[in-house]
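Below is one structure; the comments refer to it alone.
The values are calculated or read from the model by the stated rules, or taken from the named source; none is laboratory data. What you see is a predicted model, and the numbers here were worked out from it, not measured in a lab. Please note: Cβ atoms are built from the backbone with ideal geometry, for glycine as well, and neighbour counts cover all protein chains shown. Remember, those area values only see protein heavy atoms, side chains included, never the ligands or the DNA or RNA. Shrake-Rupley method; radii C 1.70, N 1.55, O 1.52, S 1.80 Å.
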Amino acid sequence: PGRARHKMAIEFSAQAYAKLMLHVRKHPVTPANGYLLGSVTGVEEDEPVVSVTNAVPLFHSHTLAPGLEVATQMVDGEELRIVGYYHSNERADDDSVALVSYQICDKLDQESPGAALVQVVNRRLEDPDDHALMAYGKVKSGWKRGLTVRSDDGPSMENPIALAGSAVEAGLHEGYVDFDDHFEDVVNDPRNLAVDQALSALKEA
(Lines give C-alpha, C1' and ligand atoms only; values in the text may rest on other atoms or scores of the structure.)
Protein backbone atom coordinates (compact mmCIF):
# COMPACT_ATOMS: atom_id res chain seq x y z
CA PRO A 1 0.00 0.00 0.00
CA GLY A 2 2.82 2.42 0.82
CA ARG A 3 4.30 2.05 -2.65
CA ALA A 4 1.00 2.52 -4.51
CA ARG A 5 0.39 5.76 -2.69
CA HIS A 6 3.20 7.41 -4.67
CA LYS A 7 0.51 8.08 -7.27
CA MET A 8 -1.34 10.47 -4.97
CA ALA A 9 -1.78 13.93 -6.44
CA ILE A 10 -3.32 17.29 -5.65
CA GLU A 11 -4.55 19.62 -8.36
CA PHE A 12 -5.41 23.28 -7.92
CA SER A 13 -7.72 25.56 -9.84
CA ALA A 14 -5.97 28.87 -10.58
CA GLN A 15 -8.48 30.65 -8.33
CA ALA A 16 -7.89 28.37 -5.31
CA TYR A 17 -4.09 28.63 -5.58
CA ALA A 18 -4.26 32.42 -5.97
CA LYS A 19 -6.40 32.72 -2.82
CA LEU A 20 -3.98 30.57 -0.85
CA MET A 21 -1.11 32.80 -1.99
CA LEU A 22 -2.99 36.05 -1.25
CA HIS A 23 -3.33 34.89 2.36
CA VAL A 24 0.34 33.98 2.64
CA ARG A 25 1.49 37.22 0.97
CA LYS A 26 -0.68 39.34 3.26
CA HIS A 27 0.92 37.77 6.35
CA PRO A 28 4.58 37.18 5.44
CA VAL A 29 5.91 37.24 9.02
CA THR A 30 3.14 35.33 10.81
CA PRO A 31 1.96 31.77 10.27
CA ALA A 32 -1.04 31.65 7.91
CA ASN A 33 -3.33 28.69 7.40
CA GLY A 34 -6.61 27.72 5.80
CA TYR A 35 -8.84 25.03 4.39
CA LEU A 36 -8.81 23.70 0.85
CA LEU A 37 -12.22 22.86 -0.60
CA GLY A 38 -13.12 20.56 -3.45
CA SER A 39 -13.43 16.83 -4.02
CA VAL A 40 -11.38 13.63 -3.71
CA THR A 41 -11.46 10.76 -6.21
CA GLY A 42 -9.63 7.44 -6.44
CA VAL A 43 -9.54 6.67 -2.71
CA GLU A 44 -10.83 3.12 -3.15
CA GLU A 45 -8.12 2.43 -5.75
CA ASP A 46 -5.57 3.77 -3.22
CA GLU A 47 -4.59 6.49 -5.70
CA PRO A 48 -6.42 9.57 -4.41
CA VAL A 49 -6.50 12.76 -6.42
CA VAL A 50 -7.46 15.84 -4.41
CA SER A 51 -9.10 18.47 -6.64
CA VAL A 52 -8.99 21.89 -4.98
CA THR A 53 -11.40 24.47 -6.37
CA ASN A 54 -11.49 26.96 -3.49
CA ALA A 55 -9.44 28.04 -0.48
CA VAL A 56 -10.80 29.58 2.71
CA PRO A 57 -8.30 31.43 4.93
CA LEU A 58 -8.49 30.53 8.61
CA PHE A 59 -5.95 32.34 10.78
CA HIS A 60 -2.72 34.36 10.87
CA SER A 61 -2.19 33.85 14.60
CA HIS A 62 -2.14 30.79 16.83
CA THR A 63 -4.78 28.25 15.86
CA LEU A 64 -7.03 27.75 18.88
CA ALA A 65 -9.63 24.99 19.06
CA PRO A 66 -12.76 27.14 19.69
CA GLY A 67 -12.03 29.43 16.73
CA LEU A 68 -11.21 26.47 14.51
CA GLU A 69 -14.48 24.75 15.45
CA VAL A 70 -16.57 27.82 14.56
CA ALA A 71 -14.68 28.32 11.29
CA THR A 72 -15.04 24.63 10.37
CA GLN A 73 -18.80 24.72 10.94
CA MET A 74 -19.14 27.82 8.75
CA VAL A 75 -16.97 26.40 5.95
CA ASP A 76 -18.45 22.90 6.10
CA GLY A 77 -21.90 24.26 5.37
CA GLU A 78 -20.81 25.16 1.83
CA GLU A 79 -21.48 22.79 -1.07
CA LEU A 80 -17.80 21.82 -1.39
CA ARG A 81 -16.08 19.45 1.02
CA ILE A 82 -13.01 20.32 3.06
CA VAL A 83 -10.34 18.22 1.33
CA GLY A 84 -7.15 19.72 2.72
CA TYR A 85 -5.38 22.22 4.92
CA TYR A 86 -2.54 24.61 4.11
CA HIS A 87 -0.03 26.22 6.45
CA SER A 88 2.93 28.59 6.17
CA ASN A 89 5.44 29.18 8.95
CA GLU A 90 6.44 32.62 10.18
CA ARG A 91 10.16 32.15 9.47
CA ALA A 92 11.40 31.88 5.89
CA ASP A 93 13.96 29.20 6.82
CA ASP A 94 11.45 26.97 8.65
CA ASP A 95 10.11 24.15 6.47
CA SER A 96 8.88 22.01 9.35
CA VAL A 97 5.24 20.96 9.58
CA ALA A 98 3.60 22.18 12.77
CA LEU A 99 2.13 19.54 15.08
CA VAL A 100 -1.26 21.27 14.91
CA SER A 101 -1.23 20.80 11.11
CA TYR A 102 -0.89 17.03 11.53
CA GLN A 103 -3.64 17.01 14.17
CA ILE A 104 -6.07 18.98 11.99
CA CYS A 105 -5.29 16.83 8.94
CA ASP A 106 -5.66 13.56 10.88
CA LYS A 107 -9.20 14.64 11.72
CA LEU A 108 -9.86 15.77 8.13
CA ASP A 109 -8.63 12.43 6.76
CA GLN A 110 -11.01 10.55 9.06
CA GLU A 111 -13.95 12.57 7.76
CA SER A 112 -12.75 12.92 4.17
CA PRO A 113 -10.35 10.06 3.28
CA GLY A 114 -7.60 11.21 0.93
CA ALA A 115 -7.43 14.75 2.36
CA ALA A 116 -4.08 16.50 1.84
CA LEU A 117 -1.77 18.54 4.04
CA VAL A 118 -0.09 21.37 2.12
CA GLN A 119 2.95 23.16 3.48
CA VAL A 120 3.98 26.48 1.93
CA VAL A 121 7.78 26.41 1.66
CA ASN A 122 8.56 30.08 2.36
CA ARG A 123 12.11 30.15 0.97
CA ARG A 124 10.76 28.93 -2.39
CA LEU A 125 8.43 31.94 -2.62
CA GLU A 126 11.41 34.00 -3.81
CA ASP A 127 11.32 32.16 -7.15
CA PRO A 128 8.38 33.60 -9.16
CA ASP A 129 8.16 30.39 -11.24
CA ASP A 130 7.94 28.05 -8.23
CA HIS A 131 4.52 27.14 -6.76
CA ALA A 132 6.34 26.77 -3.40
CA LEU A 133 4.08 23.98 -2.15
CA MET A 134 4.99 20.66 -0.54
CA ALA A 135 2.00 18.32 -0.31
CA TYR A 136 1.57 15.39 2.07
CA GLY A 137 -0.84 12.45 1.94
CA LYS A 138 -1.84 9.99 4.65
CA VAL A 139 -0.35 6.51 4.52
CA LYS A 140 -0.48 3.78 7.16
CA SER A 141 2.72 5.00 8.81
CA GLY A 142 1.63 8.65 8.97
CA TRP A 143 1.85 11.66 6.68
CA LYS A 144 4.14 11.19 3.70
CA ARG A 145 5.36 14.07 1.57
CA GLY A 146 5.71 14.02 -2.17
CA LEU A 147 2.20 14.29 -3.61
CA THR A 148 2.34 15.51 -7.19
CA VAL A 149 1.23 19.15 -7.28
CA ARG A 150 -0.41 20.15 -10.54
CA SER A 151 -2.97 22.49 -12.06
CA ASP A 152 -6.51 21.39 -12.90
CA ASP A 153 -5.70 22.18 -16.55
CA GLY A 154 -2.51 20.11 -16.84
CA PRO A 155 0.75 19.07 -15.17
CA SER A 156 2.17 22.60 -15.05
CA MET A 157 1.29 25.13 -12.33
CA GLU A 158 2.04 27.98 -14.75
CA ASN A 159 -1.52 29.38 -14.93
CA PRO A 160 -2.19 29.33 -11.16
CA ILE A 161 1.20 30.95 -10.50
CA ALA A 162 0.50 33.64 -13.12
CA LEU A 163 -2.93 34.44 -11.64
CA ALA A 164 -1.50 34.63 -8.11
CA GLY A 165 1.23 37.00 -9.34
CA SER A 166 -1.31 39.25 -11.09
CA ALA A 167 -3.52 39.23 -8.00
CA VAL A 168 -0.68 40.37 -5.73
CA GLU A 169 0.36 43.03 -8.27
CA ALA A 170 -3.24 44.28 -8.23
CA GLY A 171 -3.07 44.51 -4.41
CA LEU A 172 -5.86 41.99 -3.81
CA HIS A 173 -4.03 40.61 -0.77
CA GLU A 174 -4.49 43.92 1.07
CA GLY A 175 -8.25 43.44 1.34
CA TYR A 176 -8.13 39.67 1.81
CA VAL A 177 -9.64 38.68 5.16
CA ASP A 178 -9.50 35.50 7.24
CA PHE A 179 -11.35 34.24 10.32
CA ASP A 180 -9.04 36.20 12.65
CA ASP A 181 -10.29 39.34 10.89
CA HIS A 182 -13.88 38.03 11.00
CA PHE A 183 -13.75 37.41 14.76
CA GLU A 184 -12.48 40.97 15.26
CA ASP A 185 -15.29 42.42 13.14
CA VAL A 186 -18.05 40.27 11.64
CA VAL A 187 -18.28 42.63 8.66
CA ASN A 188 -15.10 40.95 7.41
CA ASP A 189 -16.28 37.99 5.32
CA PRO A 190 -13.67 35.21 5.04
CA ARG A 191 -15.40 33.89 1.92
CA ASN A 192 -13.83 36.91 0.14
CA LEU A 193 -16.51 37.05 -2.55
CA ALA A 194 -15.24 40.39 -3.89
CA VAL A 195 -11.77 38.85 -4.31
CA ASP A 196 -13.35 35.92 -6.19
CA GLN A 197 -14.94 38.39 -8.61
CA ALA A 198 -11.67 40.28 -9.03
CA LEU A 199 -9.77 37.04 -9.71
CA SER A 200 -12.35 36.02 -12.33
CA ALA A 201 -11.87 39.41 -14.02
CA LEU A 202 -8.08 38.98 -13.96
CA LYS A 203 -8.37 35.53 -15.51
CA GLU A 204 -10.41 36.94 -18.38
CA ALA A 205 -8.17 39.99 -18.87
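Below 8 Å, C-alpha to C-alpha, sequence gap of six or more: please give me the relative contact order for the range 8-108 in percent.
In percent, rounded to a whole number, it is 33.
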In whole Å, what is the distance between the alpha-carbon centres of the range 86-111 and the range 141-191?
16 Å
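So which chymotrypsin sites (Phe, Trp or Tyr not before Pro) in the range 48-132 pass both tests, a DSSP loop state and at most 15 other Cβ atoms within 10 Å of the Cβ?
On the way: sites: Phe59, Tyr85, Tyr86, Tyr102; in loops: none.
Taking the range 48-132 and a limit of 15 other Cβ atoms within 10 Å, no loop chymotrypsin sites (Phe, Trp or Tyr not before Pro) are found.
Going by average Cβ neighbours within 10 Å, how do the peptides 174-183, 31-40, 188-197 rank, with the highest at the top?
Working: 174-183: 18.9, 31-40: 23.5, 188-197: 15.3.
The packing order, highest mean first, is 31-40, 174-183, 188-197.
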Long-range amide H partners of Leu133, meaning residues 5 or more apart or on another chain whose placed amide H is closer than 5 Å, are Val121
Along the charge dipole of the range 59-197, Cβ charges K/R +1 and D/E -1, which of Leu68, Ala194, Tyr136 sits furthest on the positive end?
Tyr136
At 7 Å along Cα-to-Cβ for each site, give me the label-to-label distance between Glu174 and Ser39 in nm.
3.8 nm
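Using a Förster radius of 30 Å, what is the FRET efficiency between Glu184 and Val29 based on their Cβ-Cβ separation? Nearest 0.05, please. Present the calculation step by step, with values, prior to reporting the outcome.
Values: r = 19 Å, r/R0 = 0.62.
Approximately 0.95, to the nearest 0.05.
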Please list, in order along the range 192-205, the HN-Hα scalar couplings obtained from phi with the Karplus expression 6.51 cos²θ - 1.76 cosθ + 1.60 (θ = phi - 60°), rounded to whole Hz, x for Gly and Pro.
6, 5, 5, 5, 4, 5, 5, 5, 4, 5, 5, 5, 7, 5
Label-point separation, Glu69 to Ser200 (7 Å along Cα→Cβ), nm
3.6 nm
Among the trypsin sites (Lys or Arg not before Pro) within the range 1-81, which fall in a DSSP loop and have no more than 16 other Cβ atoms within 10 Å of their own Cβ?
Arg3
Of the GluC sites (Glu not before Pro) in the range 66-149, those whose Cβ has at most 16 other Cβ within 10 Å and which sit in DSSP loop
Glu78, Glu79, Glu90
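Got a number for carbon plus sulfur as a percent of the range 54-106's accessible area, 1.4 Å probe?
Working: 1500 of 2710 Å².
Using a 1.4 Å probe with all protein chains present, the range 54-106 comes out at 55 percent carbon and sulfur.
Quickly estimate the mean residue ellipticity at 222 nm for the chain, helices only: each DSSP H run with n ≥ 4 gives -39500 (n - 2.57), and the total goes over all residues, rounded to 500. Walk me through the numbers before you get to the answer.
Values: 6 runs with 68 residues, N = 205.
Using -39500 (n - 2.57) per qualifying helix, the result is -10000 deg cm²/dmol.
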Under Karplus coefficients 6.51, -1.76 and 1.60, residue-wise ³J(HN,Hα) of the range 68-75 in Hz, glycine/proline x:
5, 4, 4, 4, 4, 4, 5, 6
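Return one whole number: the accessible area per residue of the range 56-205 in Å², for a 1.4 Å probe. List each step's numbers first, then the result.
Numbers: 8090 Å² over 150 residues.
With all protein chains present, the range 56-205 gives 54 Å² per residue.
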Between Asp153 and Glu79, what's the calculated FRET efficiency when r is the beta-carbon distance and R0 is 30 Å? Round to 0.05.
0.85
When each of Lys19/Lys107; Lys26/Lys107; Lys140/Lys203; Lys19/Lys138; Lys144/Lys203 is checked by Cα-Cα distance, pairs over 29 Å:
Lys140/Lys203; Lys144/Lys203
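Based on DSSP, what percent of beta bridges with both residues in the chain are antiparallel, to the nearest 5? Working shown, then result.
On the way: 26 of 39 bridges.
Looking only at bridges with both residues in the chain, the antiparallel portion is about 65 percent.
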Just round it to a whole percent: the fraction of Cα-Cα distances in the chain exceeding 22 Å.
44 percent
Leaving out ligands and nucleic acids, and using a 1.4 Å probe, what accessible area per residue does the range 6-47 come to in Å²?
36 Å²
Take the chain, connect every pair of alpha-carbon atoms lying under 10 Å apart with a spring to form a Gaussian network, then pick out the residue of Ala164, Ala14, Ala132 with the largest mean-square fluctuation.
Ala132
